[in-house]
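Written out below as C-alpha cells is the structure these notes cover.
The values are calculated or read from the model by the stated rules, or taken from the named source; none is laboratory data. Quantities reported herein were computed from a predicted structural model and do not represent experimental measurements. Here the Cβ is made from the backbone with ideal geometry for all residues, glycine too, and neighbour counts use every protein chain on show.
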Amino acid sequence: MVMNKTWKKAAAFAMALALMGGVIGAAGTTSSMIKASAADEEVITTYTVTLTCNEEGGSVLVDKTSAQAKDTVTVTAIPNADYVTSKVTLNGDQIAVNDMGVYAFEMPAQDSVVNVEFVKQDTDFYSIEGISNGAVLVEVIDLENKILKITPEPAEGYVLGKVTLNGDQVAINDQGEYMVQSTGEKMVISAEFVKAEIFTVADDIKNGKVTAEVINDGTGTAVKVTPVANEGYKLANVTCNGDQVAVNDKDEYVIAYMDKTLNISAEFVKAEAAEADIYKIADVKNGKLTAEIIKEGDSIAVKVTPVADKGFKLAKVTCNGDQVAVNDKNEYLIAYMGKTLNISAEFAAEASKTDSSPKTGAAAAGLSIAGLAVAAAALSFRKKQ
C-alpha cells in the first residue's frame, strides 16, 4: 500500500495523541483517560466555569475554573465603592447566598457560566442613626432580599454594648456576625458603645472565683456576674461598690451600669455538707467501725472508733487509701477538707494463748503417780462401805 504525505501526518498525530492519553471533546469539553488495564479504561470528565460581570461595578473570584460534575464551586463577588451585589446566576438561574455571605453551587454536568450583577448602592431601605463613641459599617450581602451585614467598630476606650434594628436588639450568628434582613419597613440601625472599663473584679477573693461580662437585655447596659465556689465552700454574697447584690428571676447576678465603675466582689464560706457527703464507712471484716462528726467553729472532723471482733485486733485505719495515725488522745480524728472521707479498717487475728506442749520426764511421772493414788483411795473407800 502506498501512503500519501497527508495520511502519514494524520496517522502520526493520532498515534502521538494516543500515546499521551488525551482526548479533545466537542464544545470545549476536555476529557482525560486514565488507563487502568488493557481491558478497562476509566474516563474522568471536567467542565469549564466561565465568569462574567458588569466590570464597572466590581469583580468576581471563583475557587475552580474547571470541575467535575457535583463538585462544589464557590464564587466571591467583590463590589466596587458605591456598588453592591444584586444577584449571582448560574446558567441563568439565581444562586442564593448562604448564612456566611457566600455564593456556592454544585457543578452541573456541562460547561457553565456564572454571572454577577453589580448595581449602584441603594441606601433608601436602611439608615444608620444615633451612633456615638464608635461607628457602624453596613454591607449589603443580598440586595434583592435586602440582607445586611453589620460591623460595629467601637472608638478607643469603648466596647460594644448592643446593636439594634428598629429598636430591637440584634443577636450575633454562629460566625460572630450581625446579619439582618428587611421585613418590608425601612431598617433603622443603631449601636451603643460604653466605656471599656465599666467594671472591675476584686483580686483578693478567697475560696472561689468571680467572672463578669457586659450584656444588654434591651433595657440598657449591665454586667452579669458569675460566682463559682471552690470545693467545700459556698457563696455567701456578691457585692458591688460595697452593697450586696440580689439575684434576678433567672437566679443571675445582673448589675445595671449607670456611668459609674462597678467594683465587684464576693465572699465564700465553708459549706454545711450533709453527713453522707462528709464521710462514708466501708464494709469491714472481723470488726466494726463507727464515726461521728466533730465541729469546732468552721472546722469539721470525723472521729473514728474501730472495735475488733473476739479473737481479732485492729491492724490499721485508712482514709481515702492512706493510713490514719492516732492523736495524743489515742483517737482516730480525720479533718474534713471538702472532699468525702472514705474510711476503712483492717482487723488481724490474734496469736493463740493455749500451751499445748507435751509433758515429759519427772513431771509426767508425778502426774501419773498422783492419778493412781487418787484411784486407789477411791477404791478403798468403796470397800469399807
> Does the range 216-233 contain any residue that is in a loop (DSSP other than H, G, I, E, B), among the hydrophobic types (A, V, I, L, M, F, W, C) and surrounded by 12 or more Cβ atoms within 10 Å (Cβ to Cβ)?
Replying inline: no
Within the range 164-185, restricting to residues that are polar (S, T, N, Q) and closer than 14 Å to residue 216 by Cα, the one that is modelled with the highest pLDDT is 164
Exercise for review: State whether the residues of the range 184-191 include one that is within 28 Å of the chain's Cα centre (by Cα) and in contact (Cβ under 8 Å) with a residue 60 or more places away in the chain.
Suggested key: no
>> polar (S, T, N, Q) and assigned by TED's automatic domain parsing to the domain that holds residue 344: is that true of residue 286 in this structure?
In response: yes
Taking the range 65-95 and keeping residues in contact (Cβ under 8 Å) with a residue 24 or more places away in the chain and not in a strand (DSSP E or B) leaves 68, 69, 70, 71, 80, 82
Inside the range 209-255, the number of residues satisfying the requirement of being over 15 Å from residue 161 (Cα atoms) and either charged (D, E, K, R) or over 21 Å from the mean Cα position of the chain (by Cα) (or both) is 24
Item to complete: Answer with yes or no whether residue 192 is touching a Lys or Arg at 6+ places or on another chain (Cβ under 6 Å) and more than 28 Å from residue 103 (Cα to Cα).
Response: yes
If you go through the range 353-371 one residue at a time, do you hit one that is outside any strand (DSSP E or B), farther than 25 Å from residue 234 by Cα and at pLDDT 75 or above?
-> no
With respect to residue 121, determine if the residue is farther than 30 Å from residue 195 by Cβ, at pLDDT below 90 and in contact with a strand residue (DSSP E or B) (Cβ under 8 Å, 6 or more places away or on another chain). yes
